[in-house]
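To keep things clear, I will list the structure first and then write my remarks on it.
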Amino acid sequence: MKKKLIKLISFVLIIAALFYFFYPLRSLAVMGIYSAQHEKESVMRQNGFEIDMPSGRGWYPFVMTFNADGFKRFSGLDAKMSIMYNFGAFDLSTRTSSIYDTDSEYYSSFYGAYVIEENGGVFGFDENGWLDMDEVSLAVKYDYTKLVIEDFGCEKPVFGIDDTAIEEGITFAQTDGWTRIDAVLNVNGCAHGYDGYKTPYLQYGRPFGEVETDFEETQLFGRVYAKYFEEYGCTVMAYIIAPNTDTLENCDIEILSETTIAPIS
C-alpha cells in the first residue's frame, strides 16, 4: 500500500511539473525540430560552411536558424538570408522569455548572425570594400521589425539608429578583417499584453502581467561584426541587441567571441 502511494505521489508530481513547465518544454521541442529543418536548407549549408555559436547563462539553451525568405522582397536586393538567433531565457517563475520583462537585463535582447548571399554583389560592402551602413541596417531592421515586433502584433513598428561607431580591422571568430559597428537603436520593446494566441508564443512563451503601453518605444544597444567571405560568397554579420551595455559586452566576451566559422567537414 505504501509503495503504491509513493508511486501515485511521484506520478502526480511528474504530471504537475510537466504542466507547470509546459511552455518552455513546448518551446524546446518545437524549436529544436523547426531550427534543424531550416539549418539543412540554410545559406551556410548551401555554400559549404557552418557557424558554431554557443549559448550561455541568461539565454535560451541553443542558437536557432531561420531562413528569411521575405528578405529579398523587403530589401529589394537579389539576396538570400539565413538568420541564426538566440534570445533571453525562460524565467522559472513566469515560464516565459525574459524578452518581455522590462526589468530584466535581457529585455528585448537577441544575439546571433545574419548570413547573406547577394547574387552579383557583396552585401554590406561597396565595390571598394567599404562598409555600406544602409545595407547592414536593412538586415537588422528586417529581423527586428518584421520577424519580431510585427509578428507580436505591432502594426507600425519604429526603427532608428543613432550614435554609430565603426571600427575596421577587427579580429573576430578566429579570423582577421572584420568591421565592428556599435549603435544605439530606437525601437519598440517586446513588452505587450496578451490579447489572444500568436505564433511567436510557441518559442517565446506568452507575455505576462499588465503592460501600460504595448510595444513602448525604447532604447537598445546594438553591435555587429561584419565580414565578406570570398571563399563562401557570403557576408556574415554576427550581432547583439541588448537593453544595456553591460549585457551587450558580457554577451560579446562570454558567448559571441567563442564563435567559429569553418567548412562543413
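The values are calculated or read from the model by the stated rules, or taken from the named source; none is laboratory data. Values in this document were obtained by computation on a predicted structure and should not be read as measured data. Positions of Cβ are backbone-derived with ideal geometry, glycine not excepted, and every protein chain shown enters the neighbour counts.
Say whether the condition of being touching a strand residue (DSSP E or B) at 6+ places or on another chain (Cβ under 8 Å), modelled with pLDDT of 95 or more, charged (D, E, K, R) and closer than 22 Å to Glu216 by Cα is met by at least one residue in region 159-169.
Among the residues of region 159-169, not one is touching a strand residue (DSSP E or B) at 6+ places or on another chain (Cβ under 8 Å), modelled with pLDDT of 95 or more, charged (D, E, K, R) and closer than 22 Å to Glu216 by Cα, which makes the answer no.
Within region 170-187, how many residues turn out to be surrounded by 14 or more Cβ atoms within 10 Å (Cβ to Cβ) and outside any strand (DSSP E or B)?
Of the residues in region 170-187, 1 are surrounded by 14 or more Cβ atoms within 10 Å (Cβ to Cβ) and outside any strand (DSSP E or B).
Results for (1) in a strand (DSSP E or B); (2) closer than 22 Å to Asp103 by Cα, shown as yes or no for each residue.
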| site | (1), (2) |
| --- | --- |
| Phe215 | no, yes |
| Gly222 | yes, yes |
| Ala226 | yes, no |
| Thr235 | yes, no |
| Thr247 | no, yes |
| Asn250 | no, yes |
| Ile253 | no, no |
| Ala262 | yes, no |
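Is it fair to say Gly112 is within 13 Å of the chain's Cα centre (by Cα), surrounded by 20 or more Cβ atoms within 10 Å (Cβ to Cβ) and touching a residue at least 24 places away in the same chain (Cβ under 8 Å)?
So Gly112 fits the description; yes.
Looking only at strands (runs of 3 or more DSSP E) that lie completely in region 38-114, which have at least 1 residues being among the hydrophobic types (A, V, I, L, M, F, W, C) and more than 19 Å from Gln203 (Cα to Cα)? Spell out how you get there, then give the answer.
Working: elements: 49-52, 64-67, 79-87.
It comes to 49-52, 79-87.
Looking at this structure, is Asn47 more than 16 Å from the chain's Cα centre (by Cα), modelled with pLDDT of 95 or more and over 17 Å from Ile240 (Cα atoms)?
Against the criterion (more than 16 Å from the chain's Cα centre (by Cα), modelled with pLDDT of 95 or more and over 17 Å from Ile240 (Cα atoms)), Asn47 qualifies.
Return yes when Glu212 is without any contact (Cβ under 8 Å) to a residue 12 or more places away in the chain and within 20 Å of Phe87 (Cβ to Cβ) and no when it is not.
Taking the combined requirement at face value, the residue does not satisfy it.
Any residue that is surrounded by 15 or more Cβ atoms within 10 Å (Cβ to Cβ), part of a strand (DSSP E or B) and touching a residue at least 60 places away in the same chain (Cβ under 8 Å) - is there at least one of those in region 124-132?
Yes, region 124-132 contains at least one residue that is surrounded by 15 or more Cβ atoms within 10 Å (Cβ to Cβ), part of a strand (DSSP E or B) and touching a residue at least 60 places away in the same chain (Cβ under 8 Å).
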